[in-house]
Amino acid sequence: MKILLVYPYFLDNRINEEDVSAIPMGLYYVGAMLRANGYAVDILNGYNLGPVPHRIYQLLGDKQPDVVGFSILHANRWGGIDIARMVKKVNPGTRVVFGGVGATFLWEHFLTHFPEIDYVVRGEGEHCFLELIRFLENGAGKNPTHIDGLAFRKGGRPFKTKDRPPLADLDSLPMPADHFAFEHISLTRGCPADCTFCGSPAFWKRRVRFHSVDYFVAQLTRLREKGVGFFFVSDDTFTLKRELVIDICRRIVENRLDIVWVAISRVDCVDEEMLVWMRRAGCTQISFGVESGSGKIRDLYHKHISEAAICRAFDLTVRCGILARAYFIYGAPGESEHTIDQSLALLRRIRPLSTIFYILDLFPGTALYEAYKQSSGATDDIWLDRVEDMLYFETDNTLDKTTVLQFGRRLREAYFDRLSEFAARIDLADDPALYPLHADFLSRLALTFSHGDYAMNPLVKNSLDTAVMLFERSLGYHPDHRAFWGLGLVYQHLRRFEDSVTVLERGIRHHKTSLDLHMALANSLMRLNRYPEARKYLENLPDHPQTVEQLIRCCRFMGDREGEKTWVNRLESLQRS
């Protein structure tokens, strides 16, 4: 039996494609469970296939799956429905299964209105999906009422079986890294919080289960062996168990995994010792849900965090050389100019170096959505409209679109107006053991001001000056490769070629075999018509096609035809090999 697992596309384009481009972890766990039990499984990342349905038809025709499973978050449900219809057109006998958090909360809606959906897996999917596949493989004579956690049509009406108890031992699951390569990884399932805008409390019942340190680090190790070096640790709150986190970080350091990763936490779940270990183990960013500067709105969200805890967490995180990112939500019940002022005041106090501002959405499974249905008399049939989501202000006659969008503009403009100031006020712990990591932190941040998102954002003031300040401060801690290279490039951009040469030559004394530094230095020297010096540096790395191409240019400018011919031959030899 051939099985295709699909992560379907969304309706709306994203400013940051990475927000939706990653296959959810659950799909890899389901795929690993099926492969470990002898089934042929492919995973299709269809997040960008909406504009090209012919490619989907081609893939379905090539793979000829017997069963197609879909990972439905919520906003991608219409992509799943569209592809399910394509599946049935290609082969009406192919079974279509929806799963994921969006399918769990809307199982009855899907089975009522969309005949192309045959089954819905509710909750955790690994064992339920495996049991369904075995049932289908054996002929599927009767309804699978014996499979807990499933929904289907019985007598033409939606029917659900008993809820499946949560899996007691997460380590008993086949390890996805044995079968796939990916960047998103998780230590836990669930979250103890009861945030009213989040579906986690209803999906996981506020219960948290943990993988062991051995399982988690083994998965990291196997992915590292496959060439994955950057990870999104996607737990709702990675740092719930302090000693567990420290043990994981200690193992990462001892095993010299040499990875970079980012995580999500709560402001009341971090301390300095844990943060130092996380930084040593490669953590470069932690995202915290701040949501609002208004305590009243935070209470409405059931955040249960104080302003003092928020400030402490941001101060500690940055002191340890980890970028503290803030999530804010605006457009809440009771949002006003005053509550926006409170959020701006908190932003100025915590000085986050990255911030994401969201308009409050209502999603199935959240307390706010259930409250809306109860007060309005609405049903899940509202999702028959071909939309991704519903914004809260659309349901509240005290708010309107113009006002809420203006709230967002105020927040973004005020934040980016102060961002360079926030960068200048970074306070790092004076611990010599952390100096190389501080240098790394500062040079990473500098690069966002010189070449990254902040360099391209017109709301950010003095981005290049800020980049120079951060690169120079980085080098005050440690001879960081990225800082030499980035500062040299900024000086090039500013046409300060002599300064660029000076800093890049310093860099090469510390990083003698760096291709990036040699290429950048040669470029600056050539801009100063110092071709013999550029040639001398480039000849230190004769086995790189990029340096050889530059050597050819040098020889041409110098009128050295014999040298040019020699390096042309060398380039051809490298290209052949």
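The values are calculated or read from the model by the stated rules, or taken from the named source; none is laboratory data. Fair warning: this is a prediction, and the values are worked out from it, not measured in the lab. Note that we place each Cβ from the backbone using ideal geometry, even for glycine, and neighbour counts take in every protein chain shown. Accessible surface is based on the protein model in full, side chains and every heavy atom, while ligands, DNA and RNA are left aside. Shrake-Rupley method; radii C 1.70, N 1.55, O 1.52, S 1.80 Å.
Listed values, structure above:
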item	result
Filter result for Val253 (among the hydrophobic types (A, V, I, L, M, F, W, C) and under 13 Å from Val213 (Cα atoms))	no
Conditions (1) open to solvent by 70 Å² or more (accessible area, probe 1.4 Å); (2) under 30 Å from Phe357 (Cβ atoms); (3) touching a Phe, Trp or Tyr at 6+ places or on another chain (Cβ under 9 Å): number failed by Asp12	(3)
Qualifying position, being modelled with pLDDT of 95 or more, open to solvent by less than 20 Å² (accessible area, probe 1.4 Å) and part of a helix (DSSP H, G or I), among Leu27, Leu5	Leu27
Residue count for region 349-380, restricted to those that are on the phi > 0 side of the Ramachandran plot and of a type in the set (Gly, Ala, Ser)	2
Out of Glu225, Glu183, Glu243, sole residue that is farther than 29 Å from Lys373 by Cβ, open to solvent by 50 Å² or more (accessible area, probe 1.4 Å) and in contact (Cβ under 8 Å) with a residue 12 or more places away in the chain	Glu183
Residue that is farthest from Phe197 (Cα to Cα), among those in region 384-403 that are outside any helix (DSSP H, G or I) and within 27 Å of the chain's Cα centre (by Cα)	Arg386
Out of Pro352, Pro364, sole residue that is out of contact with any strand residue (DSSP E or B) (no Cβ under 7 Å at 6 or more places or on another chain), part of a loop (DSSP other than H, G, I, E, B) and not hydrophobic (A, V, I, L, M, F, W, C)	Pro364
Some residue of region 491-501 being modelled with pLDDT of 95 or more, open to solvent by less than 20 Å² (accessible area, probe 1.4 Å) and not hydrophobic (A, V, I, L, M, F, W, C)	yes
Residue count for region 120-170, restricted to those that are at pLDDT below 95, among the polar types (S, T, N, Q) and either open to solvent by less than 40 Å² (accessible area, probe 1.4 Å) or touching a helix residue (DSSP H, G or I) at 6+ places or on another chain (Cβ under 7 Å) (or both)	0
Tally, over region 198-222, of residues that are buried (at least 20 other Cβ atoms within 10 Å of the Cβ) and out of contact with any helix residue (DSSP H, G or I) (no Cβ under 9 Å at 6 or more places or on another chain)	1
Residues of region 182-232 satisfying the condition of being among the acidic types (Asp, Glu) and part of a helix (DSSP H, G or I)	Asp214, Glu225
Single unsatisfied condition, Leu515 versus (1) surrounded by 17 or more Cβ atoms within 10 Å (Cβ to Cβ); (2) in contact with a Ser or Thr (Cβ under 8 Å, 6 or more places away or on another chain); (3) not β-branched (Val, Ile, Thr)	(1)
Filter result for the condition that a residue is free of Cβ contacts under 8 Å to residues at least 40 places away in the same chain, open to solvent by 20 Å² or more (accessible area, probe 1.4 Å), under 24 Å from Val460 (Cβ atoms) and of a type outside the set (D, E, K, R), over Tyr358, Tyr372	Tyr358
Test: residue in region 529-536 that is open to solvent by less than 30 Å² (accessible area, probe 1.4 Å), in a helix (DSSP H, G or I) and either without any contact (Cβ under 8 Å) to a residue 40 or more places away in the chain or of a type in the set (Asp, Glu) (or both)	yes
Test: Val41 is in a strand (DSSP E or B) and touching a helix residue (DSSP H, G or I) at 6+ places or on another chain (Cβ under 6 Å)	yes
Check on Arg256, surrounded by fewer than 20 Cβ atoms within 10 Å (Cβ to Cβ) and assigned to a loop (DSSP other than H, G, I, E, B)	yes
Count - residues of region 56-72 that are more than 21 Å from Phe152 (Cβ to Cβ) and buried (at least 20 other Cβ atoms within 10 Å of the Cβ)	2
Residue count for region 425-465, restricted to those that are of a type in the set (A, V, I, L, M, F, W, C) and open to solvent by 60 Å² or more (accessible area, probe 1.4 Å)	3
Number of the exception - Phe393 against (1) under 30 Å from Leu316 (Cβ atoms); (2) in contact with a Leu (Cβ under 7 Å, 6 or more places away or on another chain); (3) not polar (S, T, N, Q)	(1)
Which listed residue is within 19 Å of Ala446 (Cα to Cα), part of a helix (DSSP H, G or I) and of a type in the set (S, T, N, Q), from Gln550, Gln492	Gln492
Cβ pairs under 9 Å, 6+ apart, first in region 40-55 and surrounded by 13 or more Cβ atoms within 10 Å (Cβ to Cβ), second basic (Lys, Arg) and outside any helix (DSSP H, G or I)	Ala40/Lys2; Val41/Lys2; Asp42/Lys2
Any hit, region 443-451, residues being touching a residue at least 24 places away in the same chain (Cβ under 8 Å), in a helix (DSSP H, G or I) and charged (D, E, K, R)	yes
Given (1) of a type in the set (A, V, I, L, M, F, W, C); (2) surrounded by fewer than 19 Cβ atoms within 10 Å (Cβ to Cβ); (3) under 30 Å from Asp427 (Cα atoms), index of the condition Trp485 fails	(2)
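Yes/no matrix, rows are residues, columns are (1) in contact (Cβ under 8 Å) with a residue 24 or more places away in the chain; (2) among the aromatic types (Phe, Trp, Tyr); (3) closer than 18 Å to Asp389 by Cβ:
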position: Gly79; (1), (2), (3): yes, no, yes
position: Ala84; (1), (2), (3): yes, no, no
position: Val87; (1), (2), (3): yes, no, no
position: Gly102; (1), (2), (3): yes, no, yes
position: Val120; (1), (2), (3): yes, no, no
position: Arg134; (1), (2), (3): no, no, no
